[in-house]
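> Before anything else, here's the structure in question.
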Amino acid sequence: MTPPRASAAMDRTYRRMLWPASLAVGIFAIAPLLGMLALSFTDFHLVRGWSGKIGIHNFLRLFEDRRFVSSIYIMMALSAFGVLAQVVLGTAIAVGLDKIVGKWRVARGIFVVPFAVPHVAVALIWLSLFTPTLSPINAVFAVFGIEVPALLTTQTGAITAIVIADTWATYPFVMLIVLAALQGISPDLDEAAALDGATRVKAFFRITLPLLYPTLLMVALFRFIETLKHFPLIFVMTSGGPGRATQATNYYAYVQTFQNSNVAYGASIAVFLFLFAAAISFYIAKANARLSDA
Amino acid sequence: MRDTSTAFRVKKALGYAMMLAFLGFSLLPVVWVVLLSLRPATALFEPIWESPAAWTLDNIRSIARSDFPAALLNSFITAGSSTLLALLVGVPGAFALSKRRASNKFFASWLLLLLRMAPPVGFVIPLFLVYVRAGLIDTYAGLIFAYTSLTLPFVVWSMWTSFNQIPDELVEAGLMDGASLGRVLWRIVIPAARPGLVAAGVLSFLLAWNDFFFSLIITRSDTTTAPVAVMNFVSYASVDWGAIAVASIALTLPIVPIIVLANKYIVQSLGGAVKG
């Protein structure tokens, strides 16, 4: 235990350590967010400025705006399919790699490579692969007389393309975390299950998967938040198109703010996204607090 | 217990085939960019097997002559400065959050997570308006401040998790020996938390290095970072694929040694962060 005589002085030192961080977080992070909240109640326009109007008109407009509503569907499709693909693939590869020992462990390093590629480069690489005149995929299939459809010209195709590119770049993240979690699970459990006559597949679904569940849930939530923030992939690969088919909510906020100059309206879209993040981070923080109390 | 039945071997072979297929999925796009970077513009739109001898270093030369190297330098300066700033301010803060006896830590942890997860478009709109008035558009300071809104909450949150894994007794033992709290942090706690510190530093650098959105909005020509500068090779009329391939590689290469060296620490830290 800390000796009581020291605690008052120590608490002062702790607070001295805390205030630069608090001040910096306040200035760099909280102040802009408060600014966003304030703007969302005005009618500020990049060119026309502010008429002095204050109210909830932007939020009322949100739900009559068909483009906004459809942007939510697009965002949800990108997030749901993306997170699902990344978690399933990342877990499968992690389980496979976990069994591999010896010199083939190098394979782990190779699987991580796409994780190092910056998002813009990811977007450009996959844009090149989805450009029919350029793509080696199309060239290879053409040899067999098969014409690969141009993904980026339809809504379903363009969403699929973004999900593929996102999955390529981020499933190594899921894999790394699941691999770390698997290392914490005793191999004795698998052997015990095998002795009881359970098949490997059964042992995986009955024993390993439930033990991995908390990790998988956290990883999925983290990935979900990240997919809500998709920007470079959409900007580079589709520019929100074809038409407005891939304008997810975050991208739509950018379009309204910086292309249509509707700063206040863009801010209200950002507030909507922010509430989403607030709910999910609240859940994660609660789960973390429970875990560290236990 | 070695199962040698045919069924088992088939399953095992299928497993390996699947792993190989995904290895291909991960690696082939990388191989493709490397090939693309070495192809001359004249041979770009024909399959490689039709002109297997067409190789060139022109793409690399044209990137070297362009503004791209300067943009890479801008990326280094801004991502590096923002990470240093975040570590300098964030590490003592995280230490205090972890070891100080206080009741309302839940609010702090939620706030930090929330800031880490909040959509960048929310930060950027007010920043842009203030920057226009304050003359911070297209300046290093402006970009470094903007990046700090990403890196600082991340550093505080992940160092908090790392410091939680350091036993309180270690701090108390140091204090018993008469060292000040600052000295205990610097001499005992930081060395013990080195894996977490390396991971926080590396991931925070990557956070800023990867950024596209902030740089797109608040830089112009002087301080454009590399991810935005790549887009100069994409114009409405034509796309310079060779240059883009070289630039993509140049964007990735500095990250590879960092990830390889810090891989172990990153995994430990991510695992810890996710588990709480």
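> List the helices (runs of 4 or more DSSP H) that sit entirely inside segment B:30-143 and contain at least 3 residues that are in contact (Cβ under 8 Å) with a residue 60 or more places away in the chain and open to solvent by 20 Å² or more (accessible area, probe 1.4 Å).
Values: elements: B:58-65, B:68-99, B:105-117, B:120-134.
Here the list reads B:58-65, B:68-99, B:120-134.
> Which condition breaks for A:Val88 when tested against (1) within 12 Å of chain B (Cβ to nearest Cβ); (2) β-branched (Val, Ile, Thr); (3) closer than 30 Å to B:Ala94 by Cβ?
The number of the failed condition is (3).
> Here is a follow-up. How about segment A:144-157: which of its residues are closer than 16 Å to A:Ala80 by Cβ and buried (at least 16 other Cβ atoms within 10 Å of the Cβ)?
Passing the criteria: only A:Gln155.
> Next question, about the same structure. Looking at A:Ala94, A:Ala80, can you tell me which residue is in a helix (DSSP H, G or I) and surrounded by 15 or more Cβ atoms within 10 Å (Cβ to Cβ)?
Exactly one residue qualifies, and that residue is A:Ala94.
> Something else about it: In segment A:126-155, what count of residues is obtained for those that are at the interface with chain B (Cβ under 10 Å from one of its Cβ atoms), in a helix (DSSP H, G or I) and over 22 Å from the mean Cα position of the chain (by Cα)?
9
> How about segment A:97-125: which of its residues are at pLDDT below 90, facing another protein chain (nearest Cβ under 7 Å) and outside any helix (DSSP H, G or I)?
none
> Would you pick out the residues in segment A:13-42 that are open to solvent by less than 50 Å² (accessible area, probe 1.4 Å) and not in a helix (DSSP H, G or I)?
Correct list: A:Ser40, A:Thr42.
> Residue by residue through segment B:1-29, note down the ones that are in a loop (DSSP other than H, G, I, E, B) and of a type outside the set (Gly, Ala, Ser). If you could, list the steps in order and put the result at the bottom.
Going through segment B:1-29, the residues in a loop (DSSP other than H, G, I, E, B) turn out to be B:1-5.
B:Met1, B:Arg2, B:Asp3, B:Thr4, listed by residue number.
> Report yes if A:Ala203 is surrounded by 15 or more Cβ atoms within 10 Å (Cβ to Cβ), at pLDDT below 85 and either out of contact with any Ser or Thr (no Cβ under 7 Å at 6 or more places or on another chain) or of a type in the set (A, V, I, L, M, F, W, C) (or both), otherwise no.
So A:Ala203 passes the test.
> Let me confirm something: among A:Leu195, A:Leu221, A:Leu209, which residue is in contact (Cβ under 8 Å) with a residue 12 or more places away in the chain and not basic (Lys, Arg)?
After applying the criteria, what remains is A:Leu221.
> Turning to a different aspect of this structure: Which helices (runs of 4 or more DSSP H) does segment A:194-294 wholly contain that include 3 or more residues that are more than 7 Å from every other protein chain (Cβ to nearest Cβ) and of a type in the set (Gly, Ala, Ser)?
Hits in segment A:194-294: A:263-293.
> Continuing with the same structure: Has segment A:33-46 got at least one residue that is within 8 Å of chain B (Cβ to nearest Cβ), among the hydroxyl-bearing types (Ser, Thr, Tyr) and in contact with a helix residue (DSSP H, G or I) (Cβ under 9 Å, 6 or more places away or on another chain)?
no
The values are calculated or read from the model by the stated rules, or taken from the named source; none is laboratory data. Values in this document were obtained by computation on a predicted structure and should not be read as measured data. Ideal geometry is used to build each Cβ from the backbone, glycine not excepted, and the neighbour counts take in all protein chains shown. Side chains are part of the model used for accessible areas, which takes the heavy atoms of the whole protein and leaves out ligands, DNA and RNA. Shrake-Rupley method; radii C 1.70, N 1.55, O 1.52, S 1.80 Å.
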